[in-house]
Structure formats: structure tokens, C-alpha cells
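Scroll down for the structure; my scribbles are underneath it.
The values are calculated or read from the model by the stated rules, or taken from the named source; none is laboratory data. Keep in mind it's a predicted model, so treat the numbers as computed, not measured. Neighbour counts are summed over all protein chains in view; Cβ atoms, including those assigned to glycine, are modelled from backbone coordinates with ideal geometry. Quick note on the areas: whole protein, heavy atoms, side chains included, nothing else; ligands and nucleic acids left out. Shrake-Rupley method; radii C 1.70, N 1.55, O 1.52, S 1.80 Å.
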Amino acid sequence: MRSKILMICAAALVVLPASAQDETASDSDVQDMSDPLAVYTQVGAGVTNKGINLKAGRSYDTGSPTTMAMNVLEAKGLLGEAVGWDSGSVRDNSADSLRLRNFKVDLTNGRGGQLDVSYNFDENYFAEESGTISYGVMQALPKFGSINIYPLVGLGLAFGNNVLEDDGSIDSGYSIPGTYALAGMYGKWAITDKVWMNYNPFFLATLSGSDIYKDNAYGAGNDNVLTHEIALSYQISPVFNVRYFANFTDEVDFADGDHRVEFNYQL
């Protein structure tokens, strides 16, 4: 099953809209790549401690002059055994996870909505394979000096393949063990016109579902988690940047978290 999904996603990662294949964006079309609310067609790749990440995003016409939208697909953890250096996880050369986001922004009020779907191929405490589906609303607040803040709140549900039930039995096939809520923000500090830093904390907590899910959704005995993402970015050209990311939580310290260097190109 994993190979079929990867083949489909590999094809999707190289398909670009005709306008992007014909020419790169003109200066007037270039979006601010440091803005979490920016919408644009893009490709990206990153080297991480768990392998290679690939990303492709495609903007599309919403039919309204006051809204913009895009879909972004990511494949994570490719070639983990050959390239990755994380000693705290079992690495292989297949993708660890896939992530698909649909993002829309209202240009009149700086409000965005995001549908976020993730699927993990690696076994965890409650399923052979698992994923999440969430929807969140983000709002741009007035700029404070060189700092921008974008709060986000959302709701989501977890799903899994061959899920472990409270009585120890396995629910064969796909099922939904529970739901959760999330709240946090995207924060941006513009150091110069080409260098910026992001801090993106998010709090996630279970809401309903099986006892095994509600009590252990974020690790053994953890029904909630505070995640942290720190990024330092440099805009090499208006359409090309390099970014360093560190992801960790209140249960996983900085050194043991996920680290990556990512290159992004706007088409």
C-alpha cells in the first residue's frame, strides 16, 4: 500500500500548472515568502535528520478577486537510512509520512483557513498506520514594529489502520479513535529585509474517543502536548530562500527533536 501511495504522490510532486511550466513568476506576481498567509506556486526540498523531505505547492483560482488559495503536498523521511542521522528512530529509505494542506486566505481581513491532512506510515502505540485531519482558522494581527503574530485555532480527528481498542483487540481496517483541539500561533520577527526568524508554538489536547487514545495520544500517559517550531530563514532572491527548522516539544528536548535545512523556490 505504501508503494502505491508514494507513486501517486511522486507524480503529484512534479505536476505544475501550465502557467508555472511556461515561465517563472514576474516581479509583480512574487509573493512575500516570509508571510505565513502568502499564497503561491512553489517547490521545495529539505535535508533532515530523518531523511529527505520533498514539497510542491500549487496556487489556484478561487473564483473571487478577494481570496487566494493553494494546495501543498509534502513527502517526509525519504532515504532516511542512507541520508538521515537520527539515532533515536528506526530509519528506512521509504517515506515516513505524507502531508496535504489546502489553504485559503481572505485578502480583505487577513484571515486564513487551513485543512491539514497527515498520514504516518510508521507504527505507533495505537495503530499500524495513522493520520490526522484538522481544520484551523488563522488571523493576522496588526504589526508591532518588526514582529507579526498570526494566532490559529482548530479542531481535528485522528484515524488509523488496524487500531488497538481499549480491550486489547484490533479493529481491522480504518477507524477513528478520537478527536482533538489545537491552538497556537505563527510568529515572525523581521531581522532585516532578507533575514527573519519564526517561532510557532502549538498546544494540542484530546477531546473525545477511546481511553487508549485520549490518555496516550501524544506519548505514553500524555493527553496533551506543547509543540515548538523555530526557524531561521534567508531570502537569497525574491523567489528563492533557505531555511533552518528545529521542531521539539515539552516531552522531547531541542537536541532530540527534528532538524532540517530546506530550500524553497517560488514559481
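Once the Cα atoms are used to define both axes, helix 2-14 deviates from the longest principal axis of the chain by about 10 degrees. Checked against a 28 Å cut-off, the cross-linked pairs LYS143/LYS194; LYS143/LYS214; LYS104/LYS214; LYS76/LYS143; LYS50/LYS104 give Cα-Cα distances beyond that limit for LYS143/LYS214; LYS104/LYS214; LYS76/LYS143; LYS50/LYS104.
Under 1.5 on a/c is rounded, so check that first for the stretch 115-174, then, if it is not, pick prolate when a/b is larger than b/c and oblate when it is not; a ≥ b ≥ c are the square roots of the alpha carbon gyration tensor eigenvalues. Prolate. Sorting 81-90, 206-215 by average packing, meaning the other beta carbons within 10 Å per residue, from highest down gives 206-215, 81-90. Electrostatic tally near PRO65: other residues with Cβ closer than 14 Å to its Cβ, Lys and Arg +1, Asp and Glu -1, net -1.
Quick check on the chain: helices-only [θ] at 222 nm, where DSSP H runs of length 4 and up contribute -39,500 (n - 2.57) each and the sum goes over total residues. Nearest 500, please.
Value at 222 nm, helices only, nearest 500: -2500 deg cm²/dmol.
Of all beta bridges DSSP finds with both residues in the stretch 140-237, what is the antiparallel percent, to the nearest 5?
Close to 95 percent.
If the chain linking SER169 and ASN124 were pulled fully straight, counting 0.36 nm for each residue of separation and taking away their Cα-Cα distance, it would gain 14.7 nm.
Taking N as the number of residues in the stretch 25-164, what is its alpha-carbon radius of gyration divided by 2.2 N^0.38 Å? Relative to the rule-of-thumb radius for its length, the stretch 25-164 sits at 1.22.
In the stretch 184-254, Cα pairs under 8 Å separated by at least six residues give a relative contact order of 26 percent. Solvent exposure of the chain, expressed per residue, is 51 Å² of accessible area, with all protein chains present and a 1.4 angstrom probe.
Which translational diffusion coefficient, to the nearest whole µm²/s, is obtained for the chain from the Stokes-Einstein equation, given a Kirkwood hydrodynamic radius over C-alpha pairs, 4 °C and 1.567 mPa s? Stokes-Einstein gives a translational diffusion coefficient of 66 µm²/s.
With the cut-off at 1.5 for a/c, could you classify the stretch 89-223 from its C-alpha gyration tensor as rounded, prolate or oblate? Cα axes put the stretch 89-223 in the prolate bin.
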